[in-house]
Amino acid sequence: MKNHNPHILRFPAFNTLISLSVYADESLAQSCLMRAKDLCNTYERIFSRTLNDSNVSRINSANGNRTYVDRRCAKLVSLALDYCAKSGGIFDITIGAVSRLWDMKRGIIPVQSDIEAALKHVNWRCIEVGFEASSKKHWVRLNDPHTSIDLGGIAKGWIAAWRRSN
């Protein structure tokens, strides 16, 4: 095989800077890089807590109502709930009620009383995940409308492993 120089693509996603390198001929490298970027954008639109139109943001703003979501979102929430249960709640995806109080880009750090109030809404048991057979749609519901899910602690690893297992 012929030696190739790396083709590099950098772009922001998942609240970080992604840097991808592909060693291949120009055409194949560019195709791979664009496909990888598209996948990152897709997963961010599903799992981001901060993008207003993402599946997770829609769940968090649904005021306790069912939210129809991409099947991958339902699958990841279900998997995360297994981790929550197995850890006895030490890992808890409803930490979003607390983590959303910080805004490092604007330098906002919450006061202790706000943190304590938000901690009352950290409870992974308030999440329901289901499948509606009649519409063939997956859904997620937060029984506590004041809670908020944050999949940042599991999404990146799941994304990296997803293609191998699906």
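Nonpolar atom fraction for the stretch 54-127, defined as the carbon and sulfur part of the 1.4 Å probe accessible area, stands at 53 percent.
Above 15 Å lies some portion of the pair distances; for the stretch 57-117, what is it as a whole percent of all C-alpha pairs?
Every Cα pair in the stretch 57-117 considered, those over 15 Å come to 65 percent.
Using heavy atoms of the protein chains and a probe of 1.4 Å, the accessible area assigned to residue 95 is about 70 Å². Here the calculated FRET efficiency for residue 37 and residue 79, from their Cβ-Cβ distance with R0 = 25 Å, stands at 0.50, rounded to the nearest 0.05.
Computed from Cα atoms, the angle from the helix 71-86 axis to the main principal axis of the chain rounds to 60 degrees.
The residues of the stretch 19-118 have, on average, 57 Å² of accessible surface per residue, using a 1.4 Å probe with all protein chains present. Taking a straight line from the alpha carbon of residue 120, these lysines sit under 22 Å away, with near neighbours fewer than eight places off in the same chain left out: 86. Modelled label positions at residue 102 and residue 23, each set 7 Å beyond Cα in the direction of Cβ, lie 3.7 nm from each other. Considering only 73, 32, 84, the mean-square fluctuation computed in a Gaussian network model of the chain, springs between alpha carbons under 10 angstrom, is largest for 32. Volume per residue for the stretch 17-93 equals 138 cubic angstrom (convex hull of Cα atoms).
Taking amide H atoms as placed 1.01 Å from N in the peptide plane, the amide H of residue 18 lies under 5 Å from those of 11, 13, each 5 or more residues away in sequence or on another chain.
Taking Cα centroids, how far is the stretch 2-46 from the stretch 54-80 in Å? About 27 Å separates the Cα centre of the stretch 2-46 from the one of the stretch 54-80.
Out of these labelled values of semi-axes √(5λ) of the Cα gyration tensor in Å, (1) 22, 20, 16; (2) 33, 20, 14; (3) 22, 19, 13, which was calculated from the coordinates shown here? Among (1) 22, 20, 16; (2) 33, 20, 14; (3) 22, 19, 13, the one derived from this structure is (2). Net length available on complete extension from residue 50 to residue 131 is 26.7 nm, with 0.36 nm assigned per residue and the Cα-Cα distance removed. Taken along the Cα-to-beta-carbon direction at a fixed 7 Å, the label points for residue 117 and residue 90 span 3.1 nm. Just to confirm the number: angle between the C-alpha axis of helix 155-165 and the first principal axis of the chain, 0 to 90 degrees, nearest 10? Here the helix axis deviates by roughly 60 degrees.
Given the -39500 (n - 2.57) contribution per DSSP H run of 4+ residues, what per-residue ellipticity at 222 nm results for the chain, rounded to the nearest 500 deg cm²/dmol?
Value at 222 nm, helices only, nearest 500: -12500 deg cm²/dmol.
Of 104, 34, the order by accessible heavy-atom surface (1.4 Å probe, DNA, RNA and ligands excluded), from most exposed downward, is 104, 34.
The values are calculated or read from the model by the stated rules, or taken from the named source; none is laboratory data. All values reported here derive from a predicted model rather than from experimental measurement. Methodologically, a virtual Cβ is constructed for each residue, glycine included, from the backbone with ideal geometry; neighbour enumeration extends over all protein chains shown. Areas reflect the complete protein model, heavy atoms only, side chains present, ligands, DNA and RNA absent. Shrake-Rupley method; radii C 1.70, N 1.55, O 1.52, S 1.80 Å.
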